[in-house]
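Below is one structure, written out as structure tokens; comments come after it.
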């Protein structure tokens, strides 16, 4: 679980990139703004992952999987 709430880009993407170095098949990233949601989604997709986004009360939970 990457908790990137309160951080502006590019930090959520950088944190996700560091987590992905573990080569797992599933990650969750929590952000609280549309821009990091879009940027992390774009990055994960460029790495071959599928992204499902759940919005809850202004926060976005990105479920990233192979």
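Only the coordinates and a few stated rules stand behind these numbers; no lab work does. Just so it is clear, the structure is predicted and the values come from calculations on it, not from any experiment. Here the Cβ positions follow ideal geometry from the backbone for every residue, glycine too, while neighbour counts run over all protein chains shown.
Counting only strands (runs of 3 or more DSSP E) that sit completely within the chain, those holding 3 or more residues that are more than 8 Å from the chain's Cα centre (by Cα) correspond to 50-56, 59-65. Within the range 18-43, restricting attention to residues that are closer than 16 Å to residue 1 by Cα and touching a helix residue (DSSP H, G or I) at 6+ places or on another chain (Cβ under 7 Å), the residue that is surrounded by the fewest Cβ atoms within 10 Å (Cβ to Cβ) is 27. Each residue in the range 3-17 was checked for being closer than 16 Å to residue 45 by Cβ and buried (at least 16 other Cβ atoms within 10 Å of the Cβ), and 3 pass. Of all residues in the range 12-32, those satisfying the criterion of being out of contact with any strand residue (DSSP E or B) (no Cβ under 8 Å at 6 or more places or on another chain) and free of Cβ contacts under 8 Å to residues at least 24 places away in the same chain are 14, 18, 21, 22, 23, 24. The set of residues in the range 34-66 being closer than 11 Å to residue 12 by Cα and either in contact with a strand residue (DSSP E or B) (Cβ under 7 Å, 6 or more places away or on another chain) or touching a residue at least 12 places away in the same chain (Cβ under 8 Å) (or both) consists of 35, 36, 37, 39, 40, 41, 43.
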